[in-house]
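S.K.: Below: one structure in structure tokens.
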Amino acid sequence: MYNKALEAKEYIISKINKKPKIAIILGSGLTSIMDELDDKIEMEYQDIPNFKTSTVKGHTSKLVSGKLNNKEVLLMSGRFHFYEGYTMKDITFPIYVFKLLGIENLILTNSCGGINIDKVHPGSIMVVNDFINLMPSNPLIGSNDERFGPRFPDMTEPYSLELRHIAKEKADILNIDYVEGVYTGFVGPYYETKAEINMIKNMGSDAVGMSTVPETIVSNYLGIKTLAFATITNMATGIQKVKHSHENVVKVANEASQKLALWIKEVVKEL
């Protein structure tokens, strides 16, 4: 992993010749922030050594370097998912590369289903304060490379209190409504059953999706401060009265994307 990540790092450095400290990963339909970048340099995933490509509608496959509020950032337009057939090592590989590039702050975004009807509804943006891992594997399984992190990483604060404080301050200034809550990572690619949603609800989760948790585990392992925004695009099975569709997920995410882009832009300004 270390040598593969080093190879990818060297390729990226050869293209951008910059030292960004902030990385952002975009979820389904959440692409408006791309329009806010200045001095963009785009790299196709297929050209970056050892990167995979995204196969999901609403995700492109580009790593983009640029300036956001005059801060150098790296932006992943499209992420990888376990349900696409990739391994946990594959889908979290970019985070290892970020570490070698000197990234100190990681912002994750996703589109997901709402569970807590007293807190969220379609269009809500949730600042994630904790996670539940219901995926059948873990990206840290296997031999450990101490050059990256410890064998048993702590998860007391998976989402940085400091970054969450900045996000909430900026939301208040921008008059953006938000909630805080727990996100559950589910393997997919099917939308969860009513019985599964009842189980997840009883565990204390506010929202459920098919990403974010593996990246969070690895970013904490690597010592990268992490912030996550979950955009509620639909209510979960048994709560929503109509059948699910990915097209509708992307549609609602697109509608919330500009607001989230403005919010992230202001957060980045403080990092």
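Every number in this text was worked out from the coordinates using simple rules, so none of it is lab data. The shown structure was predicted, so the numbers you read here are calculated from the model rather than taken from an experiment. FYI the Cβ positions are ideal-geometry reconstructions off the backbone, even for glycines, and counts take in every protein chain you see.
S.K.: Limited to the stretch 1-21, what total is found for residues that are touching a Pro at 6+ places or on another chain (Cβ under 8 Å), touching a residue at least 40 places away in the same chain (Cβ under 8 Å) and surrounded by fewer than 19 Cβ atoms within 10 Å (Cβ to Cβ)?
M.R.: 2
S.K.: Tally time: how many residues in the stretch 203-217 are farther than 15 Å from GLY113 by Cβ and among the hydrophobic types (A, V, I, L, M, F, W, C)?
M.R.: Step one: filter the stretch 203-217 for residues farther than 15 Å from GLY113 by Cβ, giving 204, 214-217.
Okay, now just the ones that are also among the hydrophobic types (A, V, I, L, M, F, W, C), so 217.
Residues flagged as farther than 15 Å from GLY113 by Cβ and among the hydrophobic types (A, V, I, L, M, F, W, C) within the stretch 203-217 amount to 1.
S.K.: Something else: Test MET135 against the criterion of being under 19 Å from the mean Cα position of the chain (by Cα), in contact (Cβ under 8 Å) with a residue 40 or more places away in the chain and either under 20 Å from LEU30 (Cβ atoms) or buried (at least 19 other Cβ atoms within 10 Å of the Cβ) (or both), and give yes or no.
M.R.: Considered against the rule, which asks whether it is under 19 Å from the mean Cα position of the chain (by Cα), in contact (Cβ under 8 Å) with a residue 40 or more places away in the chain and either under 20 Å from LEU30 (Cβ atoms) or buried (at least 19 other Cβ atoms within 10 Å of the Cβ) (or both), MET135 comes out as yes.
S.K.: How many of the residues in the stretch 51-83 are touching a residue at least 40 places away in the same chain (Cβ under 8 Å), of a type in the set (Gly, Ala, Ser) and over 25 Å from LYS269 (Cα atoms)?
M.R.: 1
S.K.: Taking the residues in the stretch 207-265 that are charged (D, E, K, R) and within 19 Å of ILE132 (Cα to Cα) as candidates, determine which candidate is surrounded by the most Cβ atoms within 10 Å (Cβ to Cβ).
M.R.: The initial filter retains those residues of the stretch 207-265 that are charged (D, E, K, R), namely 215, 225, 241, 243, 247, 251, 255, 259, 265.
Still in the list and also within 19 Å of ILE132 (Cα to Cα): 215, 225.
Working: GLU215: 26, LYS225: 19.
Within the stretch 207-265, the match that is surrounded by the most Cβ atoms within 10 Å (Cβ to Cβ) is GLU215.
S.K.: Among the listed residues GLY204, GLY188, GLY142, which satisfies the condition of being small (Gly, Ala, Ser), more than 20 Å from the chain's Cα centre (by Cα), over 20 Å from ILE107 (Cβ atoms) and surrounded by 13 or more Cβ atoms within 10 Å (Cβ to Cβ)? Break it down into steps so the answer makes sense when it comes.
M.R.: Working: GLY188 fails: more than 20 Å from the chain's Cα centre (by Cα); GLY142 fails: surrounded by 13 or more Cβ atoms within 10 Å (Cβ to Cβ).
It is GLY204.
S.K.: Still on this structure, I have one more. Give me the residue from the stretch 176-224 that is of a type in the set (Ser, Thr, Tyr) and assigned to a strand (DSSP E or B) and, out of that set, farthest from MET126 (Cα to Cα).
M.R.: Applying the first criterion (of a type in the set (Ser, Thr, Tyr)) to the stretch 176-224 yields 178, 183-184, 190-191, 193, 205, 211-212, 216, 219, 221.
Those left that are additionally assigned to a strand (DSSP E or B): 183-184.
On the way: TYR183: 9, THR184: 13 Å.
Ranking the candidates gives THR184 first.
S.K.: Among the residues of the stretch 114-134, which ones are assigned to a strand (DSSP E or B) and either aliphatic (A, V, I, L, M) or in contact with a Gly (Cβ under 6 Å, 6 or more places away or on another chain) (or both)? Working first, answer last.
M.R.: Taking the stretch 114-134 as the starting set, the residues that turn out to be assigned to a strand (DSSP E or B) are 114, 125-133.
Selection gives ILE125, MET126, VAL127, VAL128, ILE132, ASN133.
S.K.: Got a sec? Which of GLY102, GLY85 is farther than 16 Å from VAL187 by Cβ, over 15 Å from the mean Cα position of the chain (by Cα), small (Gly, Ala, Ser) and surrounded by fewer than 20 Cβ atoms within 10 Å (Cβ to Cβ)?
M.R.: Numbers: GLY85 fails: farther than 16 Å from VAL187 by Cβ.
Checking each option against the conditions leaves just GLY102.
S.K.: Of the residues ILE24, ILE95, ILE48, which single one is surrounded by 20 or more Cβ atoms within 10 Å (Cβ to Cβ) and closer than 28 Å to GLU247 by Cβ?
M.R.: Numbers: ILE95 fails: closer than 28 Å to GLU247 by Cβ; ILE48 fails: closer than 28 Å to GLU247 by Cβ.
Among ILE24, ILE95, ILE48, only ILE24 is surrounded by 20 or more Cβ atoms within 10 Å (Cβ to Cβ) and closer than 28 Å to GLU247 by Cβ.
S.K.: Cβ-Cβ below 9 Å, separation at least six or inter-chain, first residue in the stretch 208-223 and under 16 Å from LEU140 (Cβ atoms), second of a type in the set (Ser, Thr, Tyr) and part of a helix (DSSP H, G or I): which pairs?
M.R.: Cβ pairs passing all conditions: PRO214/THR92; GLU215/THR92; ILE217/THR92; VAL218/THR92; VAL218/TYR96; SER219/THR92; LEU222/TYR96.
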